[in-house]
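The values are calculated or read from the model by the stated rules, or taken from the named source; none is laboratory data. Since the model is a prediction, treat every value here as computed from it, not as a measurement. In this analysis, Cβ positions are derived from the backbone assuming ideal geometry, glycine residues included, and neighbour counts consider all displayed protein chains. Remember, those area values only see protein heavy atoms, side chains included, never the ligands or the DNA or RNA. Shrake-Rupley method; radii C 1.70, N 1.55, O 1.52, S 1.80 Å.
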Amino acid sequence: MTILFSKVLTNTDVEKRLAVPNNSLKHFELENGNCSKSVEVKDEKGSTWTFRCYVRSDGAYKKPVLSSGWRQFVVNKGVHQGDLITFCKDVEAEATYKIIVQRKIKLLGKEFWCSPEPEQPTDATAQVIQAPADATGEVIQSLAVLPDV
């Protein structure tokens, strides 16, 4: 898996279109003379999204962007300004593109990047352990324990 680019998203990236770093344009393999191409991208959960990679047809600065399909991805995934996206290409899997979204969180005074979509435990993957009841029979507290993976 080759990282094409990583970027902290701006308001324009989230509200309109994703500005792609100019030096990453070569990885989208636009054929000579073409100024756009549909690109299929898989997210962390394996869902496929189709974006249109577009560049200006005039001028020295091409200014590549991902347009059509990008906003749908942003809305459906709950992507926010300030999130980090990493765009990758798996050259061993027939040039499959992958996008990873991460959000900065602060935990115990330190900042971390993590998935904004944590996997929710299901009945099959989590057990709820209840602490002993008090004198009235009420459970004092409960704790969800996830199995080791």
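Residues whose amide H lies under 5 Å from that of residue 4, counting only those 5 or more places away or on a different chain, are 87, 88, 89; hydrogens are built 1.01 Å from N in the peptide plane. Average accessible surface for the stretch 2-114: 60 Å² per residue, computed with a 1.4 Å probe over protein heavy atoms with every protein chain in place. Would you work out which of 12, 99, 23 lies farthest towards the positive end of the dipole of the stretch 2-114, given +1 charges on the beta-carbon of Lys and Arg and -1 on that of Asp and Glu, about the Cα centre? My answer, from the dipole projection, is 12. Legend: residue pairs 26/104; 77/104; 37/98; 63/106, Cα-Cα distance threshold 25 Å; pairs beyond threshold, 26/104; 63/106. Amide H contacts of residue 80 (H built 1.01 Å from N, in plane; Pro and chain starts excluded): no residue 5 or more places away or on another chain comes under 5 Å.
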